[in-house]
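Remarks on the structure that follows.
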2 protein chains.
Amino acid sequence: MKYGIVAFPSKKVQDFANSYRKRYDPHYSLITPHMTIKGVFEADENEIKIIAEKVENVLKKHTPFSLNTSKVSSFAPVTNALYLNINPTEELVSLHDDLNSIEYNDVESYTFVPHITIAQKLSATEHDDIYPQLKMIGVDFEEMIDRLHLLYQLEDGSWTVYETFRLAGDE
Amino acid sequence: MKYGIVAFPSKKVQDFANSYRKRYDPHYSLITPHMTIKGVFEADENEIKIIAEKVENVLKKHTPFSLNTSKVSSFAPVTNALYLNINPTEELVSLHDDLNSIEYNDVESYTFVPHITIAQKLSATEHDDIYPQLKMIGVDFEEMIDRLHLLYQLEDGSWTVYETFRLAGDE
C-alpha cells in the first residue's frame, strides 16, 4: 500500500489553492490541498504500524511551526507545475529531516522544497500562459500548523487519512 | 465551518465501495468511502476545539469495534440511495449514542442506520434498475475499526481531516 505524510493548511488556504487546482490540477479530486513532508512510500499493514509509531515519536519532539507563503513559483523546466512557495524555516526543515531519517522502503533523493501544488501536468503553452499571471498575485498567508497526517492511497488514486499526529513539543 | 465524524473502513472495503461510487455517487470525489457516526454540524474555530476535546474524552472510553457488512440496501422511498448495510452492534450503537450526547449546534433527529453509501441522487429509473442487481452481490466484510476522524468541509464541498481519535478503551 502507498503512504505519505502531509500537512493540511487552514480552510482559508485550502479554498484559495482549490480555486486554482479546480482548473489546473488533475489531482484536484484525489486529495485536498496539502504540503507533503514525506513523499510516497510503500508499506504493508504490519510495516505501517511500526513506521507510524516511529513517526509519532519523532513528531512529539517537534513543536507547532509557522507556515508562511509568499508567492507562486514554478517547477519548470523539471515539470510544468505551479505552487505556493512555503518558507523553508529552520523548524520546518528540521521536522522534514527528522521525519526522513526514519527507515522507509524508499530512497528520497530530491531536495526538500516546501510547497502547496496549485497546478500540474500543464502543457508548456498553458504553463507559459498562466505562470506570469499567477506570479503577480499576492499570496501572504501565515498560520500555525500543529498536526501532520499519515495518508494511504486507494486504487482509484484518492487518499484517505490513516492517522493524525500532534506536534506536541515534548522536548 | 461544517464538521462531521466518520470511520473509514479498510482499503479493501473502500476500493469495493468506490467501484460503485465512481459511477453512481456524485459525492465520489468529495470524500473517500466512510461510515458517518456524527452527521454534519456547524462550529467556529473556538467551538471546534472544545468539541474535539469532548469527542476525545468520549472515544477513549470506547474499545475498537467490529464493522460487519452483509448486504446492499436502499433508502428509497425516502431518498434514492444505496448503501452497504452495517450491523448495528451494541458497541456501535452505544458509540453513536455517546458521541451524539455531546452538545453540537444541531439537532440530530434521524434514526441511526449505520451504512457506507455507494450510490445516491439516483433517478427513480436508475434506482429501480440498479438496486435488484446490487442486492444480489455478496458483501461479507468483517473488520475492526480502531479510530474515528473529525473532518471539516471546504468551500468546494470536499472534506479534510482535522483530527484522528483512537478508540483506546480506557474504561
Which aspartates and glutamates have a Cα lying under 20 Å from the Cα of B:Lys135, excluding residues fewer than 8 positions away in the same chain?
B:Asp15, B:Asp25, B:Glu126
Could you give, in nm with one decimal, how far A:Glu91 is from each other copy of that position, shortest first, with labels 7 Å out from Cα toward Cβ?
3.9
Rounded to one decimal in nm, the spacing of the 7 Å Cα→Cβ label points at A:Ser70 and B:Thr125 is 5.9
Position A:Leu30, label points 7 Å along Cα→Cβ, spacing to each other copy in nm (shortest first, one decimal):
2.2
Computed Rg/Rh of the range B:2-166, alpha carbon atoms with Kirkwood Rh:
0.96
For Cα pairs less than 8 Å apart in space and 6+ apart in sequence, what is the mean separation divided by the residue count of the range B:1-157, i.e. the relative contact order in percent?
38
Among the GluC sites (Glu not before Pro) in the range A:73-153, which ones are in a DSSP loop with at most 16 other Cβ atoms within 10 Å of the Cβ? Mind listing them?
A:Glu103, A:Glu108
Magnitude of the charge dipole, the range B:2-166, Cβ model with Lys/Arg +1 and Asp/Glu -1, debye to 20
540
Cross-link pairs beyond the 28 Å C-alpha cut-off, checked among A:Lys22/B:Lys22; B:Lys38/B:Lys121; A:Lys61/B:Lys12; B:Lys2/B:Lys121; A:Lys11/A:Lys38
A:Lys61/B:Lys12
Shortest first and in nm with one decimal, please list how far the B:Ile102 label point sits from its counterparts in the other copies (point 7 Å along Cα→Cβ).
2.5
Just reorder B:Met136, B:Met35 by solvent-accessible area, largest first, 1.4 Å probe, all chains present.
B:Met136, B:Met35
Which value does Rg/Rh take for the protein assembly as shown over its C-alpha atoms, Rh per Kirkwood?
0.97
Using the beta-carbon distance between A:Gln133 and A:Val78 and R0 = 30 Å, what value does 1/(1 + (r/R0)^6) give for FRET efficiency, to the nearest 0.05?
0.90
Tell me, what % of the accessible area of the protein assembly as shown is carbon and sulfur with a 1.4 angstrom probe?
48
Here, trypsin sites (Lys or Arg not before Pro) of the range A:102-154 satisfying both criteria (DSSP loop; at most 16 other Cβ within 10 Å) are A:Lys121
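The values are calculated or read from the model by the stated rules, or taken from the named source; none is laboratory data. Because the structure is predicted, anything quoted here is derived from the model rather than measured. Positions of Cβ are generated from backbone atoms using ideal geometry, with glycine treated the same way; all protein chains shown enter the neighbour counts. Note: areas computed on protein heavy atoms with side chains; ligands, DNA, RNA excluded. Shrake-Rupley method; radii C 1.70, N 1.55, O 1.52, S 1.80 Å.
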